[in-house]
Every structure is written in structure tokens, then in C-alpha cells.
């Protein structure tokens, strides 16, 4: 039984000093905290936990599928995903392999969001150049798309060494690849890519005004319809967001202000007042968070996934878990709000079971070795 | 219509001259009826020194200077020496009569060891041609040694510069390339995914 709109949380895996205590957690603490957050998210009834990917301090999540598998083993219902998986600096072969593995281990409770990554120095560490970002994103995904759907792949592109007769393993669970969301803040080329393949489009909706977000999603929806995957209003859209709430709105403002002011990404810029009025960041009471979130539909239409950045800016684990409790309390009202006025022909959020059903049922796509015609024994690969 | 290139390469063979010829070829393609002339400043070294120190100007130097002054469009190419255009390059333009290049559109090119010196065009050549009241076009062409091994990116810049000069001398307005080089608040989609995939193999225009 799955929800038409998947509501969840994500972490970008930053290791940030708590500005109220001047204490910086260790990598170990943050890694363990992310597992605790994911488990709590499932406990309060959320649908998705996603983690980012980074390859430099002050972040810890360099191996997302390792973390997500560990979480999958300790959970039963929540969908594990990423925010984002780097489609630029990762070898598409490795992405195909790692996420197919996760898919099997998690019994289908896995999908992924692809992003380009905006940290310049990371690119040359992996043999690439940030100026090729868009080209990398489209060429690498073209290969990834094929690897999950074809065996004996021949490939000759610009960015990766050629492949001849390559089959990635394991094959996707039930022969249905994990659902892919393409994340982009400002690149129409990525909205176009998502639309072309009929994949989902995710806008992080955090640092920009809703009008920005609306334009990108409008482009994706128009192109989705252009490519014949469905009508404009039926495209698969996801949004990010961020909140900090306390039962009393003034308490929320007072408590979050030092975190906001010193946060690596927000701090030393526009004030919290300016920021919360111009962007989707909501600081206040649960009712305010509920109303603001339900208002996003006015800009982007009925959508399928809403994720909130939950542990940023040095918030201690105890506080994050309290935020999850508060989110859990407004969750039923949020779901009811999303359902209100939702046309019946707007698709539900994609899940593995729904995608298997749409594909006509599961298929075992294991490639078994052919037995030798003389000895009757299967070939052994050393 | 006359197009003149002033090339100040010091060596022979010279990568400065190589760059000049490459740019000229692209310009000639776009202006098939133009009269093209190359002034290799190296050949006028002695004459330029004599003209500078004694005021005496040889006939052959005079002819070269007049050709430059007569051009509808100019291409000026120098090696980068000590972070700037070379002395030999400067000598030519010091001897040239004041006002000769007023309002003339100019493409600026330079060669060097690594790409780290490419701003020598922006920071030393542009001010010089501004002083001469010429109109340097904002399509600098810098070639580092490595560009000769893999000229894809260099050729993209040569093409854009040649487009600009040809349009300028023909009185047309250049539409710059379709590639969005920098992120912006404009979300206009300029190519379909299939077009983008087909162009992945082409070198970047930067």
C-alpha cells in the first residue's frame, strides 16, 4: 500500500559545527546519526530517506549505496534514495552495478536521483572537467540507461573507455531498473533529459524562489508531453524543501536563528527573515510548515515526491529526531492536503511494485552461463 | 575589401605565424572576395629599428604600413614575451602613423607555452588597440603549445572570431553561438536531447 505522494527527508552528509555549542561531531557520529535518522523517518511514517554523495571534507557520504544498504537491512518499508548520485564523475558502469545491488538487497525499496555536482575540484580527481558537466551528465546517463536494459553492450563515447559485449551485473531486480529522478536547479538541459526518457524530475527548491522552480518544472512537463510519455499534468515531479519547527513559532525562530546565521550555505548572506520570505525555507509552527508545503502545488502542479533537508547546519541529532517527531505529527494532514483536489489521472509516485506491474510482471533476468555442448558443463569464468 | 594580418612571430617556423594563417584561412572562407595580405613583422625588423631611431622609412616598410592602414579589417598576432606582446610587435604599431587604425575592427591573437598567459591579450593588447582608436573585437584567440596537438578547442575559438570579423566588415550583426556558456536565470531550452547527444563529441567552445 503506497502513498500517491511520497514524503521523506534527505541529508547531504555535511559535518558542521553546532554554532550554539561550538562542538563539531566526528565522521563516525554523523555516519551513525544518518542511520538513526533514517530509522526514525520510517518510524514516524515517512516514505523516503535519501542521502547525498561527496568526495571531500566536510562531508562523509562518499559511498551512498553502502550506507543505504545498511539502512535497508534495518528497515522494512522506507524507500532508500540519493540526493544526489553524481552522474558526472562516477563511472556509469559502477552506478549500474551498485544500484542494482542495492535494489536486490532492499527488495526493490530503492531508487536514485542523479545530479552533476557543483564542487569544481572533485571533477579532476575523477579524471573529468566541470566545464563538461552537462555533456557528462547526458552521455553517462545514456550509457547507464542502456546498461540496465540491454546485455552485451557495445559502447564508444567521449568520456569513458569503450565497452565491447559488456553485461552489467547483477541485472536489475525483476528486470525493472530502479526509478531515476534527474535533479537540477537551473539547467534546462537536465529537465529536457528527464522528459526525454520519461524519468522523474526533481527540483531542490531550497535556495531559489518558487518562480524559478516553477519555470524549470514547467519546461520539464512541456517536454514530457512532447516526448509522448503522458500529458503535461501527468509528469513525475519531486520537490525539495527545508523547515525548522517548534510547537510555538517564536521558539522555532529563536532556536534556529544561530544555526541559520552560521550555516555554511545560508550564513553571512540575506537574513533569515528575507530568506524565509523569498524561498521555501519555513521556520515556524507545524501548522505553518503544513500550509507552506501544501502551497507548493500552486506553483508546480500536483507532484509525486516531497523531500525535506533534515539535518543541515550543525543541528544535533536530538534536535533532528525531534523535528522528525513533529513532522510525523502533521504527516496525516499533509497527506490529506495533497490528496485534496488531486485529479485521478495524475500518477502516484512510482514504486518498484508499480513499475513491475506496468512492465507486465517480474522477470528473472539472470544471465546463466550456457552449458558446453560436449561436456554439458557450464563455462567457468576465472 | 582588404584584410591584413600583422604577425610578429620571431622564430622560423613560427607558431605565431601558424596561428595567423589558421585565422586567415577561416576569415578567407567567410569573405571569399577579400584581398588578403600577411605582414610578417620579422621581415621588417631592421627597417622598423631604423625608422624608430632615425625617422628614415624604407619603401618596403612604407608599403607594408600603408597596407595595414588601408585594411577594412585587421588580424594582429604576437607571441607572449614576459607577460605581454613582444617588442617587435609593438615596434610595428609604434611606427605606424597615428590614426591609421581608427575605427578598424581588429582580431587579437597570441601564442604562448601554456594557457596561463592567455589574458595577455585582454590585458596588454586590448589597451594598445584602444589607444590606437581601433576596435578590438571581443573574440581573442590564444594558442598554447598544447593546442597544436589537439586543436578542436582552438578551432572553435578561431571560427567564432572569424565569424565576428566577417560580420563586422560586412556590416552585419553576429549572432553568437547557441551554447549557453554560463548558468543564468534564463531557462530557455536551446537544443533537444538528441541534438545535445550528437554534439557531446565536439570540443567545448571555451
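So which residues in the stretch A:106-127 are in contact with a helix residue (DSSP H, G or I) (Cβ under 9 Å, 6 or more places away or on another chain) and surrounded by 18 or more Cβ atoms within 10 Å (Cβ to Cβ), if there are any at all? A:106, A:108, A:109, A:110, A:111, A:112, A:114, A:115, A:116, A:117, A:122, A:123, listed by residue number.
Listed here are the residues, each with its yes/no results for (1) crowded, with 22+ Cβ neighbours inside 10 Å; (2) within 21 Å of residue A:304 (Cα to Cα); (3) in contact (Cβ under 8 Å) with a residue 24 or more places away in the chain.
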| position | (1), (2), (3) |
| --- | --- |
| A:36 | no, no, yes |
| A:42 | no, yes, yes |
| A:45 | no, yes, yes |
| A:48 | yes, yes, yes |
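Filtered by the rule that a residue be closer than 22 Å to residue B:169 by Cβ, assigned to a helix (DSSP H, G or I) and in contact with a helix residue (DSSP H, G or I) (Cβ under 9 Å, 6 or more places away or on another chain), the stretch B:1-23 gives B:19, B:22, B:23.
At positive phi and buried (at least 23 other Cβ atoms within 10 Å of the Cβ): is that true of residue A:165 in this structure? No, not satisfied.
Could you tell me whether residue B:37 is at negative phi, touching a strand residue (DSSP E or B) at 6+ places or on another chain (Cβ under 6 Å), surrounded by fewer than 18 Cβ atoms within 10 Å (Cβ to Cβ) and not in a helix (DSSP H, G or I)?
For residue B:37, the condition - at negative phi, touching a strand residue (DSSP E or B) at 6+ places or on another chain (Cβ under 6 Å), surrounded by fewer than 18 Cβ atoms within 10 Å (Cβ to Cβ) and not in a helix (DSSP H, G or I) - is met.
Yes or no: the stretch A:234-245 includes at least one residue that is within 14 Å of another protein chain (Cβ to nearest Cβ) and modelled with pLDDT of 95 or more. The answer is no; no qualifying residue exists. Looking across A:260, A:243, one residue alone is surrounded by 14 or more Cβ atoms within 10 Å (Cβ to Cβ) and in a helix (DSSP H, G or I). It is A:260. Note on the stretch B:66-105: residues that are surrounded by 22 or more Cβ atoms within 10 Å (Cβ to Cβ) and assigned to a strand (DSSP E or B) total 9. Residue check: is residue A:289 buried (at least 18 other Cβ atoms within 10 Å of the Cβ), over 30 Å from residue A:14 (Cβ atoms) and touching a residue at least 24 places away in the same chain (Cβ under 8 Å)? Answer is no for this residue. Tell me yes or no: at least one residue of the stretch A:258-269 is touching a strand residue (DSSP E or B) at 6+ places or on another chain (Cβ under 7 Å) and free of Cβ contacts under 8 Å to residues at least 60 places away in the same chain. No, every residue in the stretch A:258-269 fails to be touching a strand residue (DSSP E or B) at 6+ places or on another chain (Cβ under 7 Å) and free of Cβ contacts under 8 Å to residues at least 60 places away in the same chain.
Hey, can you tell me all the residues within the stretch A:190-211 that are assigned to a helix (DSSP H, G or I) and either buried (at least 19 other Cβ atoms within 10 Å of the Cβ) or touching a residue at least 60 places away in the same chain (Cβ under 8 Å) (or both)? Reasoning before the result, please.
Taking the stretch A:190-211 as the starting set, the residues that turn out to be assigned to a helix (DSSP H, G or I) are A:190-197, A:210-211.
Within the stretch A:190-211, A:190, A:191, A:192, A:193, A:194, A:195, A:196, A:210, A:211 meet the criteria.
Do we find a residue being in a helix (DSSP H, G or I), touching a residue at least 24 places away in the same chain (Cβ under 8 Å) and out of contact with any strand residue (DSSP E or B) (no Cβ under 7 Å at 6 or more places or on another chain) anywhere in the stretch A:296-311? Checked the stretch A:296-311: at least one residue is in a helix (DSSP H, G or I), touching a residue at least 24 places away in the same chain (Cβ under 8 Å) and out of contact with any strand residue (DSSP E or B) (no Cβ under 7 Å at 6 or more places or on another chain). Residues that are part of a loop (DSSP other than H, G, I, E, B) and at pLDDT below 95 were ranked within the stretch A:127-155; the one that is farthest from the other protein chains (Cβ to nearest Cβ) is A:127.
Among A:7, A:31, which is more than 29 Å from residue A:344 (Cβ to Cβ) and either within 19 Å of the chain's Cα centre (by Cα) or assigned to a loop (DSSP other than H, G, I, E, B) (or both)? Spell out how you get there, then give the answer.
Details: A:7 fails: more than 29 Å from residue A:344 (Cβ to Cβ).
So the residue among A:7, A:31 that is more than 29 Å from residue A:344 (Cβ to Cβ) and either within 19 Å of the chain's Cα centre (by Cα) or assigned to a loop (DSSP other than H, G, I, E, B) (or both) is A:31.
Within the stretch A:196-205, does at least one residue satisfy the condition of being more than 20 Å from residue A:298 (Cβ to Cβ), out of contact with any strand residue (DSSP E or B) (no Cβ under 9 Å at 6 or more places or on another chain) and within 13 Å of chain B (Cβ to nearest Cβ)? Yes. Candidates are the residues of the stretch A:161-187 that are modelled with pLDDT under 95 and out of contact with any strand residue (DSSP E or B) (no Cβ under 9 Å at 6 or more places or on another chain); the one that is nearest to the other protein chains (Cβ to nearest Cβ) is A:186. Scanning the stretch B:169-179 turns up one or more residues that are touching a helix residue (DSSP H, G or I) at 6+ places or on another chain (Cβ under 9 Å), farther than 25 Å from residue B:38 by Cβ, within 14 Å of chain A (Cβ to nearest Cβ) and modelled with pLDDT under 95.
Identify, please: which residue in the stretch A:117-126 is outside any loop (DSSP other than H, G, I, E, B) and more than 19 Å from residue A:187 (Cβ to Cβ) and is, among those, farthest from the other protein chains (Cβ to nearest Cβ)?
From the stretch A:117-126, those outside any loop (DSSP other than H, G, I, E, B) are A:122-125; that's our starting set.
Imposing the further condition that a residue be more than 19 Å from residue A:187 (Cβ to Cβ) reduces the set to A:124-125.
Numbers: A:124: 15, A:125: 20 Å.
Once the filter is applied, the top-ranked residue is A:125.
The values are calculated or read from the model by the stated rules, or taken from the named source; none is laboratory data. These numbers were taken from a predicted model, which means no experiment stands behind them. For neighbour counting, all protein chains shown are included, and Cβ atoms are generated from backbone atoms with ideal geometry for every residue, glycine included.
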